[in-house]
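S.K.: Got a structure for you, written out below as C-alpha cells; questions coming shortly.
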Amino acid sequence: MNSLRAKSESRFLRACRREPVDCTPVWFMRQAGRYMPEYRAIRAKHSLLEICSQPDLAAEVTLQPVRALGVDAAILFADILLPLIPMGINLEFAAGEGPVIHNPIRTPAGVAALRPVEPCDSLGHVLETVRLVRRELDGKTPLIGFAGAPFTLASYIIEGGASRNYLKTKQMMYADPHTWHTLMGKLARVVADYLVAQVEAGAQAVQLFDSWVGCLSPDDYREYVLPHSQLIFRELSATGVPAIHFGTDTATLLPLLKEAGGEVIGLDWRTPLDWGWRALGFDVAVQGNLDPVALFAPRAELERRVRAILEQAGGRLGHIFNLGHGILPETPVANVKAAVEMAHESR
Ligand code: CP3
C-alpha cells in the first residue's frame, strides 16, 4: 500500500481533517511508557536518554503500544526536552524527580549563548527513528511526530525543571520582555525546523505540546506566547500534514490556541468536550479528553465516562478520542485496552 492510500484510509488522519470515519479514532498521550511491562523491560537496561538516542530501541518502544492496545496512531518515542541538548542545555532525567536542568538560563547572556540547531545533524537519531517506525508500520498505522511548544520549553529552561508557580519564567516575561521574546524566538525557530524535519522523515501528523501554558492569562498568552507558536504552525501548514495543538488548563485560552494554529485542538478533562468545542467553533477538530485517572476506575465507571465524552462529541466530524493529559505510570494496561474498544464502539 502506498503512503497516499494509507493517508486517506486512516481514521485518525481523516478525523484530523474532519472527514467522515467508520468509528472514533483513539490514541493516548504517553501511550509508550512505564505502565507497560514491555517498556519496563527495555527501561531496566537503558536510561531514557539512551532509548531516545538509539533508533532501534526508540522504534521498538514506539511500536509496543500499537501492538498491545490497537490504537489508531503511533507517537514517536522521544521527549520534548531533547532539542534543548544541542542548544547547550545540560539536562538529566533524575529517577523519581522528572527532568533536571543543571544550567538554567535566566540572563540575557544566557539566552544569547543558546545555539541554533540543525535537526539533520544533532537530532538525526530522532529522524532515523521516524524512518524506522514508518518502515515497520508499513502504511498500516499513521505516525505522529511531536515537539514541545516554546512556552513549555522556556519554562523548563528558566525554572531548571518542573514548577508550581512559574515564578522565574514570569519574572523574565514581566521584567525583561526583550530577553523573553529573544528566547521564545530562538525556541520557535528550533521547534519549527525540528517538526518540519520530522515530517520530511515521514511523520504523518505532528503534535505541539504546550503542556503548562494554562498558567497564563489570555492577555499574557496573546502578548508573550501566541506569535511564537503561530510561527511554528504557519511553517507546518506548508507541509500539508495535520498539526495538533495541545495544552492543559486552557479553558479561557481556547480561542487564542486556535488563532495560534493547528487543525486539531487538544482539550483536557477540566473542560467539558462539548463546551470546549463550542468555544473553539466546530470548524476545527478536537482531541480528548478523558481524565487519566478514569483509567483506574472500575470498568463500569470507566465506560460511563468514555460514553459521556462520545456523547458530547455528538457524532460531529473531527473528534479524536484521547486522554486530557498523559497516561500515568501505574495505569492498568487492561483498562487502557478496554477504553480503546469502548471508543471504537462509538458508531
Ligand atoms: O508515548 C508517548 O507519548 C511518547 C513519548 C513521550 C515522552 N515524553 C517519553 C517520556 C512524550 C510525548 C513526552 C512528552 C513530554 N515530556 C511532555 C509533554 C507531555 C506532558 O506530559 O505534558 C513533557 C512535559 C515532558 C517532560 C518530561 N519527560 C517529564 C515531566 C518527565 C518526567 C515525568 C515522568 O513521567 O516521569 C519526562 C520523562 C519521560 N519522558 C518518561 C517517558 C516515557 C518517563 C521516564 C522514564 O521512563 O523513566
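S.K.: Convert each backbone phi in the range 112-120 into a coupling constant with the Karplus relation 6.51 cos²θ - 1.76 cosθ + 1.60 (shift: θ = phi - 60°), then list the ³J(HN,Hα) values in order as whole Hz, x for Gly and Pro.
M.R.: 4, 7, 5, 8, x, 10, 9, x, 5
S.K.: Rolling a 1.4 angstrom probe over the protein heavy atoms, how many square angstrom per residue are accessible across the range 3-344?
M.R.: Details: 13510 Å² over 342 residues.
I get 39 Å² per residue for this part.
S.K.: Run the dipole for the range 3-344 about the Cα centre, Lys and Arg Cβ at +1, Asp and Glu Cβ at -1, nothing else charged, and hand back the magnitude in debye, nearest 20. Numbers along the way, then the final one.
M.R.: Values: 34 positive and 37 negative charges, 69 e Å.
Rounded to the nearest 20 debye, it is 340 debye.
S.K.: Would you list which aspartates and glutamates come within 16 Å of K170, measuring only between C-alpha atoms, while excluding same-chain residues fewer than 8 positions from it?
M.R.: Output for K170: E159, D210, D219, D220, E223.
S.K.: Only helical DSSP H runs with n ≥ 4 go in: add -39500 (n - 2.57) per run for the chain, normalise by residue count and round the 222 nm mean residue ellipticity to 500 deg cm²/dmol. Spell out each step's value before the answer.
M.R.: On the way: 18 runs with 174 residues, N = 347.
Taking each H run of at least 4 residues, the total per residue is -14500 deg cm²/dmol.
S.K.: Can you give me the long-range amide H partners of G148? Hydrogens built in the peptide plane at 1.01 Å from N, cutoff under 5 Å, separation of 5 or more residues or another chain.
M.R.: Under 5 Å from the amide H of G148: F209.
S.K.: Per residue and in Å³, how big is the convex hull formed by the alpha-carbon atoms of the chain?
M.R.: Details: hull volume 41.3 nm³, N = 347.
Output value, Cα hull per residue: 119 Å³.
S.K.: Could you check how much of the accessible area of the chain is carbon and sulfur, as a whole percent, using a 1.4 Å probe?
M.R.: Values: 7210 of 14020 Å².
With neighbouring chains kept in place, the figure for the chain is 51 percent.
S.K.: State the antiparallel share, in %, of DSSP beta bridges confined to the range 3-344, rounding to the nearest 5. Present the calculation step by step, with values, prior to reporting the outcome.
M.R.: On the way: 5 of 28 bridges.
The answer is about 20 percent antiparallel.
The values are calculated or read from the model by the stated rules, or taken from the named source; none is laboratory data. Because the structure is predicted, anything quoted here is derived from the model rather than measured. All Cβ positions, glycine included, derive from the backbone under ideal geometry; neighbour counts span all protein chains shown. Side chains are part of the model used for accessible areas, which takes the heavy atoms of the whole protein and leaves out ligands, DNA and RNA. Shrake-Rupley method; radii C 1.70, N 1.55, O 1.52, S 1.80 Å.
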